1. Within the range 156-173, how many residues turn out to be touching a Lys or Arg at 6+ places or on another chain (Cβ under 9 Å) and open to solvent by less than 30 Å² (accessible area, probe 1.4 Å)?
2. Which residue out of SER452, SER482, SER498 is over 30 Å from PHE47 (Cβ atoms), open to solvent by 50 Å² or more (accessible area, probe 1.4 Å) and among the small types (Gly, Ala, Ser)?
3. Consider ALA426 against the criteria (1) at pLDDT below 85; (2) more than 23 Å from the chain's Cα centre (by Cα); (3) more than 24 Å from THR350 (Cβ to Cβ): it satisfies all of them except one. Which criterion is unmet?
4. Any idea which of (1) in a helix (DSSP H, G or I); (2) surrounded by fewer than 21 Cβ atoms within 10 Å (Cβ to Cβ) is the one LEU257 doesn't satisfy?
5. (1) of a type in the set (Gly, Ala, Ser); (2) buried (at least 16 other Cβ atoms within 10 Å of the Cβ); (3) at pLDDT 90 or above; (4) farther than 22 Å from ASN65 by Cα: which one isn't true of ALA101, the others all being true?
6. Going through the range 290-343 one residue at a time, which ones are assigned to a loop (DSSP other than H, G, I, E, B), closer than 21 Å to PHE238 by Cα and under 24 Å from the mean Cα position of the chain (by Cα)?
7. Does LEU192 meet the test of being in contact with a helix residue (DSSP H, G or I) (Cβ under 7 Å, 6 or more places away or on another chain), under 28 Å from ASP240 (Cα atoms) and either part of a helix (DSSP H, G or I) or free of Cβ contacts under 8 Å to residues at least 24 places away in the same chain (or both)?
8. Test each condition in (1) crowded, with 21+ Cβ neighbours inside 10 Å; (2) at pLDDT below 95 for ALA331 and report the one that comes out false.
Amino acid sequence: MTDPQAKQRKPDPCAFVIFGVTGDLTHRLVMPALYNLAATNLLPDKFCVVGIARKGMTSDALRENLMKGLRQFATRPVDDAIAKRLLECVSAIEADPRDPASFDRMQKHLDELECADNTGGNRLFYLATPPNAFLPISRELGRTGMLRENGTWRRLVVEKPFGTDLASARALNSELLKLVDEHQIYRIDHYLGKETVQNILVLRFANGMFEPIWNRNHIDHIQITVDERLGVGHRGSFYDSTGALRDMVPNHLFQLLSLVAMEPPVKFDAHSVRSEKAEVLAAIQPQSEAEALHNSVRGQYRAGKVGDTEVEDYRKTPDVKPGSTTETYAALKLTIDNWRWAGVPFYLRTGKALGIKRTEIAIKFKQAPFAMFRDTPVDRLSQNFMIISTEPTEGIELQFNTKVPGPAINIDGVEMKFRYKDYFQAEPSTGYETLIYDCMIGDNILFQRADSVEAGWQAVQPFLDAWKKAGGKGLKVYEPGSEGPEEANDLLERDGRSWRKLG
């Protein structure tokens, strides 16, 4: 088997500037991803990391802080020599959007580093910050000219959530596009760094056996699930103002939906792929508020257990309002108004404190006729599913029918499973390695474009508006460790369908 990294080029020399460098995101994902890139020799030869740290933090203190986080969250054993090389290029500087002069000092610091480290003036600004800091930071970067491209590249990486509704997403896009061009913005979603998610395009378009049946003539419906066992934990303030729908659907779930439902791009490049993804999101059938209420279920967990872990009532979570109506579970029924998917429902569900951690796309194929088996003991055939899973195990599974050995015609459902870890000897990763590498080489195929972001919010806006007007009315309660509110089953049962059992 060939080395998958043998064909990957080294990124250009650059400075990697992290806002929020001492935060949870940097410790859990960004630094472990940079370490993994260093371990596989995929960082630039000329490279420096600049951490925008709190007041008074020295470079030595920042290195110590990052090393501690790396030892805690690395996805592989930490090699001290590799970690030392990576951390040697780290320096700290203070910059606060409320203090414009600090950004002028930051500009001078970067200029000095670029001369010392020969990074060529290329800069990647990573905003690992709360969303309300995106614009203030970007404006100061724009004011000082640090986003201007003059024979060098300057890129801005923005974490989700990108807006809180359609109006705020449009406003944020408009403001950012006054400062930078679209090609400079990398709206990052770690779900798209997972191998199985990226493999959806290859599965669909590189295999002649699948694409001919990937349409309304052969597919009955599609289920997309992103379930989590953990509750809200210490994120009460953020989550209570966000909720499951805003937190997961316009980004994670819609990225999976767009990949599984998009039309074939004319070629495999960023513009073509992102255009097709935006087109399919724009084709999601608009719903009135009444239809949105009918085609959705929202829930909130109460006190209970997930396995052996006690979970407190959501409303008693620190920083959550006592009478909060914020949903911790959301299920939606959507349809796509185009030739390929007319009449095919897409059922989406996501929630916290559920019985199993699972992310999957389940494609249900239409039932085969029973006519030829009418004189046999066969009562019904097993359902035909293709299941694309990304968590906890990355792989693809097919469920189909076969004859049980013996003289009688007995049919049983069987499974054919492909698991990445069984076939490819891939190192454990955070999911960010590919995305950060792509940011450095300038490949934005896995990142959302402004039109895609706005199309996603356009599709969920009726649900946001309907739920806001309904308040606590219609908010269902569910037990931790369950599959969510029982009412979520009605979304499918009234169509003669059912959720695929997770496990």
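1. Kept after step one, since they are touching a Lys or Arg at 6+ places or on another chain (Cβ under 9 Å), are these residues of the range 156-173: 157-165.
If we keep only those that are open to solvent by less than 30 Å² (accessible area, probe 1.4 Å) too, we end up with 157-159, 161-163.
Of the residues in that region, 6 qualify.
2. Working: SER452 fails: open to solvent by 50 Å² or more (accessible area, probe 1.4 Å); SER482 fails: open to solvent by 50 Å² or more (accessible area, probe 1.4 Å).
The conditions single out SER498.
3. It fails just one condition, (2).
4. (2)
5. Tallying (1) of a type in the set (Gly, Ala, Ser); (2) buried (at least 16 other Cβ atoms within 10 Å of the Cβ); (3) at pLDDT 90 or above; (4) farther than 22 Å from ASN65 by Cα, ALA101 fails exactly one: (2).
6. The initial filter retains those residues of the range 290-343 that are assigned to a loop (DSSP other than H, G, I, E, B), namely 295, 302-303, 307-308, 312-313, 317-328, 337-343.
If we keep only those that are closer than 21 Å to PHE238 by Cα as well, we get 302-303, 312-313, 317-328.
Scanning the range 290-343 gives THR326, GLU327, THR328.
7. Details: in contact with a helix residue (DSSP H, G or I) (Cβ under 7 Å, 6 or more places away or on another chain): yes; under 28 Å from ASP240 (Cα atoms): yes; either part of a helix (DSSP H, G or I) or free of Cβ contacts under 8 Å to residues at least 24 places away in the same chain (or both): yes.
When the stated conditions are applied, LEU192 passes them.
8. Every listed condition holds for ALA331 apart from (2).
The values are calculated or read from the model by the stated rules, or taken from the named source; none is laboratory data. Nothing here was measured: the structure is a model prediction, and the numbers come from that model. Glycine gets a Cβ as well: all are built from the backbone with ideal geometry, and neighbour counts include every protein chain shown. Just so you know, the surface numbers come from the protein's heavy atoms only, side chains and all, with ligands and any DNA or RNA stripped out. Shrake-Rupley method; radii C 1.70, N 1.55, O 1.52, S 1.80 Å.
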